[in-house]
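Undergrad: First, the structure itself, so that you have it in front of you.
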Amino acid sequence: PLAKLLVESLIQGEETIPHTNKRNDVIPTVPSSTVLNNLTIRDNVCYLDFSKDINNLMPGIGSEVVVYSIVNTLCELPNVNRVQITVEGEPQENYGEMEGFHLVLERNLDIVKE
């Protein structure tokens with residue numbers, strides 16, 4: 001499914017914008033060792049389960065940037081309005097400095113740089 005392809009692309013990361021020569025305009029946000037264990041979409045909520053490697057935050061990348069790179073990307077799909085993330089099958093209350101990681105999350109465009 002497209003949702004799985006999008007998440008796997010975020011994990012794989014790109015340091016350039018495809019079809020351009022621009023470097024450093026796009027930087028990977030999700031730790032590359034992260035594995036997407038499961039993805040289900042039900043009632044416009046995308047449920048994601050990641051390996052514990054998602055907790056290995058990369059230097060200079062804030063926890064909210066990681067989370068909302070995933071959430072905002074998936075909320076672009078017509079069948080997804082919200083996202084809930086678990087780690088190794090369990091809810092995790094905090095992710096780095098971000099509280100409420102265990103909640104069902106909605107798009108947050110305040111974090112997007114113009």
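The values are calculated or read from the model by the stated rules, or taken from the named source; none is laboratory data. This one's a predicted model, so the numbers in the text were calculated from it and none came from an experiment. Here the Cβ positions follow ideal geometry from the backbone for every residue, glycine too, while neighbour counts run over all protein chains shown. We work out accessible area using only protein heavy atoms, side chains counted, and drop any ligands, DNA or RNA first. Shrake-Rupley method; radii C 1.70, N 1.55, O 1.52, S 1.80 Å.
Undergrad: Filter the range 45-68 for residues that are touching a Gly at 6+ places or on another chain (Cβ under 8 Å) and in a strand (DSSP E or B) and give the result.
TA: 49
Undergrad: Okay, next question. Scan the range 9-24 and give yes if some residue there is in contact with a helix residue (DSSP H, G or I) (Cβ under 7 Å, 6 or more places away or on another chain), open to solvent by less than 80 Å² (accessible area, probe 1.4 Å) and modelled with pLDDT of 95 or more, otherwise no.
TA: no
Undergrad: A follow-up question, please. I need every pair where a residue in the range 77-92 that is closer than 13 Å to residue 41 by Cβ has its Cβ under 9 Å from the Cβ of a residue that is outside any loop (DSSP other than H, G, I, E, B) and among the charged types (D, E, K, R), sequence separation at least 6 or different chains.
TA: 81/106; 82/106; 83/106
Undergrad: What is the residue count in the range 66-97 for residues that are more than 9 Å from the chain's Cα centre (by Cα), modelled with pLDDT of 95 or more, more than 14 Å from residue 50 (Cα to Cα) and surrounded by 15 or more Cβ atoms within 10 Å (Cβ to Cβ)?
TA: The total comes to 5.
Undergrad: Within the set of pairs 6 or more residues apart or between chains, which connect a residue that is open to solvent by 60 Å² or more (accessible area, probe 1.4 Å) inside the range 32-56 to a residue that is in a strand (DSSP E or B) with Cβ atoms less than 6 Å apart?
TA: Matching pairs, first to second residue: 37/49; 38/49; 47/40; 47/84; 52/87.
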